[in-house]
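In what follows, a single structure is set out as structure tokens and then discussed.
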Protein chains: 4
Amino acid sequence: MKLRVRSELVYAFPQDTQAIVAIHVARTPDQAILSESLVISPDGPILQDMADHHGERRFRAAFEGETSIVYEATIDNAKPRLLSPNARLEAWLELPPPVLEYLLPSRYCPSDKFMSFAHREFGHLAPGGAQVLAVLDWIYNHVDYVPGSSHGGTTAENTFVDRAGICRDFTHLGISICRALNVPARAVSAYAWQLDPPDFHAVFEVYLDSVWWLVDATRLVPVENLVRVATGRDAADIAFLTTSGSCDLINQAVSVELLNP
Amino acid sequence: MKLRVRSELVYAFPQDTQAIVAIHVARTPDQAILSESLVISPDGPILQDMADHHGERRFRAAFEGETSIVYEATIDNAKPRLLSPNARLEAWLELPPPVLEYLLPSRYCPSDKFMSFAHREFGHLAPGGAQVLAVLDWIYNHVDYVPGSSHGGTTAENTFVDRAGICRDFTHLGISICRALNVPARAVSAYAWQLDPPDFHAVFEVYLDSVWWLVDATRLVPVENLVRVATGRDAADIAFLTTSGSCDLINQAVSVELLNP
Amino acid sequence: MKLRVRSELVYAFPQDTQAIVAIHVARTPDQAILSESLVISPDGPILQDMADHHGERRFRAAFEGETSIVYEATIDNAKPRLLSPNARLEAWLELPPPVLEYLLPSRYCPSDKFMSFAHREFGHLAPGGAQVLAVLDWIYNHVDYVPGSSHGGTTAENTFVDRAGICRDFTHLGISICRALNVPARAVSAYAWQLDPPDFHAVFEVYLDSVWWLVDATRLVPVENLVRVATGRDAADIAFLTTSGSCDLINQAVSVELLNP
Amino acid sequence: MKLRVRSELVYAFPQDTQAIVAIHVARTPDQAILSESLVISPDGPILQDMADHHGERRFRAAFEGETSIVYEATIDNAKPRLLSPNARLEAWLELPPPVLEYLLPSRYCPSDKFMSFAHREFGHLAPGGAQVLAVLDWIYNHVDYVPGSSHGGTTAENTFVDRAGICRDFTHLGISICRALNVPARAVSAYAWQLDPPDFHAVFEVYLDSVWWLVDATRLVPVENLVRVATGRDAADIAFLTTSGSCDLINQAVSVELLNP
């Protein structure tokens, strides 16, 4: 599926501010980058980090004053396989070393707190794809998607009590419950075709049968509509903009367009 | 300094339990391993992970029933350089990519919450070694070392309010404040000569002037007495024992002995 | 039902410490006090507060050094009415003024956080007795009674996530959900015949049909086995011992004996 | 000082909603009510509660649809005595029973968590007025007044970490630290002359030398400019509007005018 993605970030940096920006589409075997451009105004030096083992391609820069960052790319995405109920949960002894960290709790995903709940609610199901699908169903049925109901410090524990959140909260809750079930899980930021209103999207992946499966607890768009950007333990790792100091949002726009049906 | 370290973990695993064990001394240029042994009873297969870029060498296994793990090593440690007040804080553009994650908040180190405090209290100091030393002084002077005052879920935010904790809490608070000051900081587990009572110790490192400096907010022992084991974002990453299910402590003993003065 | 209750508190107060003690059985129309005694060693002045509108009778004193407080009473309890599914929830306009505070969140019962959950889970039921009984069923079926799983700072929000607690945690969760459903709810401490192991018990009351109904989410003993002591918003108000400084438990024993069947 | 106060609340209630409204000025010996009026549109029955022992005069009503509540009063205030450094902290044995509850933690004032901090920071000062004045100084010097920095669920613990808040947060932190020092403390809502921008204000009172002393950790206006409304454990008790369900703010305006110098 050929998609054109575009993001425009306009921020005011009151003083010289360091930044890590993660808006480039990831370079992965399933996601061909046909063309892309990055325009920063005013212009200045950036450090483009190499794609890491996730294919993630962030860049670093220092900004001061009003700054506009416009990224555009045309990509061709393979259709991802949907998580199969039969996908097998592997033993820890079988996992590749880089997968292990995704078993552990993180800033917004305190999976250690969800042990009892996860085993009470999902422990009777066979570990693996069916169990993860049951987690996704549970979240969809017990949490409302409510813009404005959470904030930057909201954790999966908060969302579990509040029963409301946005994509990042659904993702944190899904990751937390999966990790509590010993399923490696990690956060993924994405451009999403047909997401309404258009914005960056946060979804997650679980590791079963030796591959990462992309899932979305919000069910806002099919996972095949997603264009992967960054990968990490939770929102702290995949933020599109991480800065050394405060800055003010002036304008932000994300768009995704289908190039051929 | 030649040291002999020994740890003995005896746990009862009520069912077949997967485990990641991080008790081996790290393999680093400054820490020569002269000899070591690992005895697990009852015996069973383990997977010894290769040393990662931190030199960390955890192993994985599955345990059931009462299990004893005894690790011994003799090492020769170089004397570490003590953090200099003049050590320079580098710009984000200068940092090696693997250092970047240590700027971000993690499970027990919600550095995002400490921005105001850190800048109010330490913002007038020049960034770098002197500022980090001031953070260490502040923690030492404002937090009491009180065994039993915290638990497995205690975060740096809790410790900041409680004003009491143990080594892991001092470390989490130190890391959180440093990251809030844009100083990369990470947790380190260690054997510690002269630690009383003997136990695993948790300290941290800050990245300044292109190197990691080991520091200890508890001041329980000099950093030159430490033998490095694991490295990570916080206690979640460096636990000596991470398991897929609950288990019961039967006995645990750690000892460190000086072999030559 | 004639019951003899006894509590013995032995504490060491390292310095002159002020205390509020709530161990006397309440003086209420349904609970006749046949005899009672209080012995404090070493002896000293106490201030016995008058029974408040709940019948609660705490006393105040200052203690220093090892102190023993022994309270004994023989009471004759009327059999309480069990909460009827038909008990009607009254409008706020109909409530007596002293009931209003029990609609509000308190230290361990942040009912404001449970609005969404309570309405999602119980909103389809008619307000009143049946709804409260459904809350009690839900707690009983979703939370494990696990001694040692909580601590003095544990709130209903923590218990809701942990899915484990003791009587005070069950009570806090029950109160929180009821208040979130606009049902006045308050905590009650009690002696409990047949409670095993014997200890002070914490239960709660809901206000429906112009009376307070005693309920117990733990189902450890029938409510007719309870002898009421103190009443308040949550555990902060009904603690058997509130002190101005730290003290050390030396011994504590509670017993309840049936005098006639 | 003669002041005219006015508040106008315009809210939309999507369904029949019960409400407790606390906007009437309190009836106290020091605060003479010369005239007042309450106009609710559309009109409907209300239940005006009698002034309680704090002089607080809330009313109850049920609202549906867009509703306007306009309250106006002219009052004559005595000049309050300013907290004296010499005001004496009384022993618990000396306190009137209704004061005791203000020693205990509450929803937004978890004073139990501030024991160590309070004693470390203020324990060297003689208990009483001077110690409370030191607490007020500390808050003023360590917390920034930042509109928008907190939300309805923010507790004193959050504010202590964030080092930012609004009047209710300053008040909660002040109350928490005072209670941790065994000083009875309670929240007060008020109209405030010269508050800019005009709004309801939240301050607190401490009980020393047998009287309640009004203090304001924000220092936004002198305490003599305050017109007392409601009194309680914290913001949960003194909210100007407590409702049984959600409602939407349409307009809210508060004004205070000096009638003669």
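The values are calculated or read from the model by the stated rules, or taken from the named source; none is laboratory data. Computed from a prediction, not measured in an experiment: that's the story for all the values here. As a convention, Cβ positions derive from the backbone with ideal geometry for all residues, glycine included, and neighbour counts pool all protein chains shown. We work out accessible area using only protein heavy atoms, side chains counted, and drop any ligands, DNA or RNA first. Shrake-Rupley method; radii C 1.70, N 1.55, O 1.52, S 1.80 Å.
Shown for D:SER246: label points 7 Å from Cα along the beta-carbon vector, and their distances to the equivalent points in the other copies, 2.8, 3.7, 4.4 nm in ascending order. Entry note, region B:92-235: relative contact order of 26 percent, from Cα contacts under 8 Å with a spacing of 6+ residues. Given B:SER84, B:PHE63, B:PHE160, which one lies farthest toward the positive end of the charge dipole of chain B, if we put +1 on the Cβ of every Lys and Arg and -1 on the Cβ of every Asp and Glu? The listed residue farthest towards the positive side: B:SER84.
Residue pairs exceeding 31 angstrom between C-alpha atoms, taken from B:LYS113/C:LYS113; A:LYS113/B:LYS113; A:LYS113/B:LYS79; D:LYS2/D:LYS113: A:LYS113/B:LYS79; D:LYS2/D:LYS113. A Förster radius of 45 Å, combined with the Cβ-Cβ distance separating C:ASP16 from B:VAL39, puts the computed FRET efficiency at roughly 0.25.
Only beta bridges with both residues in chain A are counted; by DSSP, about 95 percent of them are antiparallel.
Quick one: net charge of C:GLY174's neighbours, Cβ under 12 Å, K/R +1, D/E -1? Residues close to C:GLY174 contribute a combined charge of -1. Comparing mean-square fluctuations of A:SER176, A:SER246, A:SER149 from a GNM of chain A with C-alpha springs under 10 Å, the top value falls on A:SER246. A 1.4 Å probe over all protein chains sorts B:CYS247, C:CYS178 by accessible area into B:CYS247, C:CYS178, starting with the largest. Between B:GLU94, B:GLU205, B:GLU64, where does the largest GNM mean-square fluctuation fall for chain B, given springs only between Cα atoms within less than 10 Å? In the Gaussian network model the winner is B:GLU94. Each helix, a run of at least 4 DSSP H residues, gives -39500 (n - 2.57); summed and divided by the residues of chain C, these come to -5000 deg cm²/dmol at 222 nm.
Of all DSSP-defined beta bridges confined to region D:92-236, some 90% are antiparallel rather than parallel.
Among residues other than B:VAL211 with Cβ under 10 Å from its Cβ, the summed charge is -1 (Lys and Arg +1, Asp and Glu -1). Across identical copies of the chain, B:ASP112 has label-point separations of 1.9, 2.1, 2.8 nm, listed in ascending order, with the point defined 7 angstrom from Cα along Cα→Cβ. Which residues, if any, in region D:19-37 lose at least 30 square angstrom of accessible heavy-atom surface (probe 1.4 Å) when the other protein chains sit next to their chain rather than the chain being alone? Relative to the lone chain, where solvent access is computed with a 1.4 Å probe, region D:19-37 loses at least 30 Å² at D:ILE20. Taking the Cα centre of region A:92-236 as reference, the dipole from Cβ charges on Lys and Arg (+1) and Asp and Glu (-1) amounts to some 220 debye. Distant-in-sequence amide contacts of D:ARG219, defined by a placed amide H-H separation under 5 Å and a gap of 5 or more residues or a different chain, comprise nothing. Inter-copy label distances at C:PRO42, using a point 7 Å along Cα-to-Cβ, come to 6.1, 7.3, 7.9 nm with the shortest given first. Among chain B residues, the one whose Cβ is nearest the axis of the rotation from B to C, given with its distance rounded to whole Å, is B:HIS151, 4. For chain D, a simple Cβ point-charge model (Lys and Arg +1, Asp and Glu -1, everything else neutral) yields a dipole of about 520 debye relative to the Cα centre. Simple spin-label estimate for C:ASP196 and C:GLN252 gives 2.2 nm between the two label positions (7 Å along the Cα-to-Cβ direction from each Cα).
If only the Cβ of Lys and Arg carry +1 and only the Cβ of Asp and Glu carry -1, the dipole of region B:184-261 around its Cα centre is close to 120 debye.
The solvent-accessible area of B:ASP144, taken with every protein chain present and a 1.4 Å probe, is close to 70 Å². The figure for D:HIS119 is an accessible area of roughly 90 square angstrom, using a 1.4 Å probe on the protein chains alone. Tell me, what is the FRET efficiency for A:GLN48 and A:HIS142 to the nearest 0.05, using R0 = 35 angstrom and their Cβ-Cβ distance as r? According to the calculation, E is roughly 0.25. Of all beta bridges that DSSP places with both ends in the protein assembly as shown, some 95 percent have antiparallel geometry. Between amide H atoms placed 1.01 Å from N, distances below 5 Å from B:LEU208 occur with B:TRP213, all of them 5 or more places distant or on a separate chain. With one equal scatterer per alpha carbon and no solvent term, the Debye-computed log10 I(q)/I(0) for region D:92-236 at 0.11, 0.16 1/Å reads -0.35, -0.78. Kindly identify residues of region D:228-261 having a loss of at least 20 Å² in accessible area between the isolated chain and the assembly of all protein chains, probe radius 1.4 Å. The answer is D:ARG233, D:ALA236, D:ASP237, D:THR242, D:SER244. Spin-label pair C:ARG120-B:SER68: with each label point 7 Å from Cα along the Cα-Cβ axis, the two points sit 5.0 nm from one another.
Within the shell defined by Cβ-Cβ distances under 15 Å, the residues around A:ASP43 carry a net charge of -2, with Lys and Arg each +1 and Asp and Glu each -1.
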